1. Work out the count of Lys pairs in the chain where the Cα-Cα distance is under 30 Å, with the pair 8 or more places apart or on different chains.
2. Taking 7 Å along the Cα-to-C-beta vector as the label spot, tell me the Arg42-Val88 distance in nanometres, rounded to one decimal.
3. Quick one, what does Rg over Rh come out to for the chain if you take C-alpha atoms and the Kirkwood Rh?
4. As a check on your grasp of the helix formula, calculate [θ] at 222 nm for the chain: sum -39500 (n - 2.57) over DSSP H runs of n ≥ 4, divide by the residue count, round to the nearest 500.
5. Just order 100-112, 12-24 by mean Cβ neighbour count inside 10 Å, highest at the front, would you?
6. What full-extension length gain, to one decimal in nm, is calculated for Trp72 and Met1 as 0.36 nm per residue of separation minus the Cα-Cα distance?
7. Starting from the 7 Å offset along Cα-to-Cβ, what nm value, one decimal, do you get for the label separation of Met119 and Val54?
Amino acid sequence: MTSYMILKHLHMTTAYLTITLFALRLLLDAVGRPGWRQTPLRFIPHINDTILLVTAVSLVFVVGYASAMPGWLVAKIVLLIGYIIAGVFALKVTLSKPARITGAVLALVQVSAILHLAMAKPF
Ligand code: HEM
């Protein structure tokens, strides 16, 4: 397997995991189980997201996008920043319920757009 294939598989696996782990934490909060913050679920998403980002940046160089970034990649990076910010709001226990629900919806919309851009590479 080439380094491109290894990086892409790792990137895709951690991409699907980041969505699963985010949705799981939202679900636990929604059913009144905030105790996940005292379990390994508190840090496992951060380890996963670090691998996701390291493989993302590595892919940019391995594929050769670094010199001329396609539009879908720039849009992905912008949406990723939005996803992180909205995700922080969604999981913050001190915020009001409407603020957290807004954060959750915005995070899910943005991560769906990231997935679409990654797969369709429309521009
Ligand atoms: C939550 C964040 C992200 C998700 C869910 C995600 C998801 C994906 C997926 C599913 C693919 C495979 C697409 C295919 O079928 O070809 C992919 C590829 C890729 N992603 Fe991401 N990604 C994320 C963040 C990023 C970031 C921040 C960057 C850049 C810094 C990036 C750069 C790339 C590159 C370069 C490829 C390979 C494209 C190719 O093979 O030509 N990704 N991403």
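1. Working: Lys8/Lys76; Lys8/Lys121; Lys76/Lys92; Lys76/Lys97; Lys76/Lys121.
Within the chain, the lysine pair count is 5.
2. 1.9 nm
3. Working: Rg = 15.6 Å, Rh = 15.4 Å.
When Rh is taken as the Kirkwood radius, the ratio is 1.01.
4. Details: 4 runs with 93 residues, N = 123.
The per-residue figure over the chain is -26500 deg cm²/dmol.
5. Details: 100-112: 17.8, 12-24: 15.9.
The peptides rank, most packed first, as 100-112, 12-24.
6. Working: separation 71, 0.36 × 71 = 25.56 nm, distance 2.61 nm.
This chain segment gains 22.9 nm when fully extended.
7. Between Met119 and Val54, the label points sit 2.7 nm apart.
Each reported figure results from applying straightforward, stated rules to the coordinates on display, with no laboratory input. The shown structure was predicted, so the numbers you read here are calculated from the model rather than taken from an experiment. Cβ atoms come from the backbone with ideal geometry, glycine included; neighbour counts cover every protein chain shown.
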